[in-house]
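Okay, so here's the structure we're looking at.
All of the numbers you see were taken from the coordinates with simple rules; none came from a lab. As the structure is a computational prediction, the values presented were derived from the model and not from experiment. Here the Cβ positions follow ideal geometry from the backbone for every residue, glycine too, while neighbour counts run over all protein chains shown.
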Amino acid sequence: MNLSLRRITSGGSYIPEIDGLRFVAIASVVIYHTYVQTDVRVVLGGMPFWIEHLRRGVELFFIISGFILGLPFAKQYLAGGKQVRIGAYFLRRLTRLEPPYILILCIRAAGLLAATHALGYIATHLLANILYVHSLWYGYASVIHFVTWSLEIEVQFYCLAPLLAMIFLLRPAWMRRLLLLIAIIAMGYAQLAWIPGAVPGVYSRVGLTILDWAQFFLAGFLLADIYATDWKSIPESWGWDVASVLAWLGIFLLPPSPAHVWIAPLSLVAYTGAFKGKLFPAFFRFPAVPIIGGMCYSLYLTHPIVFTVMKDLLHRMHLERRVPAWGYLAVTDLVCIPAILLVGTIYFVLIERPCMDRDWPKKLMARLRGKRAVCQVA
């Protein structure tokens, strides 16, 4: 068994800064869910704004997805790169993401079934989840696994990305990039005006679709545009570190309404600083950071289950009665976060990472045919 913890990339080229950025996104989401599921509003008498804003790791994930999926198209249309074969593009999404996703859904559904015995109810919701239509069909986040609402939006983007990538055919470059930037900002304002629940964005049927989040994926497209063509001409400097500090502060400190508009533009600065600064790249390339960031999908899928189990154990110890509020939250973090990291790592090594090998279905079939042949000979 290959116990390497580094992700396997489709094209063979590995960009540690991207996994470093994934680290920031998954860390903020996990910490946010840890506090929310600890009933922090009850413990502290309200939700501190800095905890509420940690949920913005989801938007950071969407921007990274826009960059990763947009980059091959940008290279094809702008730099004479390898042509993206659409069939292989969709097959890769299927073989890479589906096994870890479906397995965790089945684990969650089995737990709910054991607790409620509501077979019909669970089965219909599970089917909607597997088909990535739960939010569209029911108008609320999954009852099987609530974090999958964002994965449904990701899949909507996967389907639209080849069409949206036609923007890279527009010339000249300054016009294309200006159009993308205008669209990014305009979409944010339009969503605030017309989409119910656009802030925080997960309380309406429309708010649970890409219509309320498209600007973040387009920000990733804009970053991919620059990365594929003019990246080497951007000098490294301390100025990018200063700009990145201000951008990260804006991302996590702005009030909800302006944040929904300006997180995407600010992230362009923060993400560029991860590559072109003097200090930030050292953090994002530090081995542990991209390794944990590279496991973000497994951590995202498994962390609610781990936290539920650990919270139940802490509750049975009556910890909340023995220590002050902040002490209770601190102990919860110290106990739960290492457990989340451990289980997520195991899931990554055993389930997700093998699926990163684009040829795993062929290898599996070859192995099964070999075993069948051995059995027949025997």
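At what distance in nm do the modelled label points of residue 368 and residue 319 sit from each other, each positioned 7 Å from its Cα along Cα→Cβ?
So the label points at residue 368 and residue 319 sit 4.3 nm apart.
Please list, in order, the residues from the range 231-260 whose amide nitrogen is less than 16 Å from a point placed 7 Å along the Cα→Cβ vector of residue 190.
Of the residues in the range 231-260, none has backbone N under 16 Å from the label point off residue 190.
Could you compute the FRET efficiency for residue 342 and residue 84, with r as their C-beta to C-beta distance and R0 at 30 Å, rounded to 0.05?
0.20
Roughly how many debye, to the nearest 20, is the charge dipole of the chain about its Cα centre, given +1 on each Lys and Arg Cβ, -1 on each Asp and Glu Cβ, and no other charges?
That gives the chain a dipole magnitude of about 1200 debye.
Provide 333, 359 in ascending order of the number of other Cβ atoms located within 10 Å of each residue's Cβ, fewest first.
So the ranking, lowest neighbour count to highest, is 359, 333.
What order do you get for 58, 155 when you list them from fewest to most C-beta neighbours inside 10 Å?
By the 10 Å Cβ count, ascending, the order reads 155, 58.
Mean separation of Cα pairs under 8 Å and 6+ residues apart, divided by the residue count of the range 16-377: what relative contact order is that in percent?
It comes to 27 percent, rounded to a whole number.
Per DSSP H run of at least 4 residues, take -39500 (n - 2.57); add these up for the chain, divide by its residues and hand me the 222 nm value, nearest 500 deg cm²/dmol.
-24000 deg cm²/dmol
Once you sort the root eigenvalues of the Cα gyration tensor of the range 119-245 as a ≥ b ≥ c, which label holds: rounded (a/c under 1.5), prolate (a/b larger than b/c) or oblate (the other case)?
prolate
Say the dipole of the range 244-376 comes from +1 at the beta carbon of Lys and Arg and -1 at that of Asp and Glu; which of 354, 288, 252 then lies farthest toward its positive end?
So the residue furthest toward the plus end is 354.
May I ask you to sort 232, 276 by Cβ crowding, counting other Cβ atoms within 10 Å and putting the fewest first?
The order, fewest Cβ neighbours first, is 232, 276.
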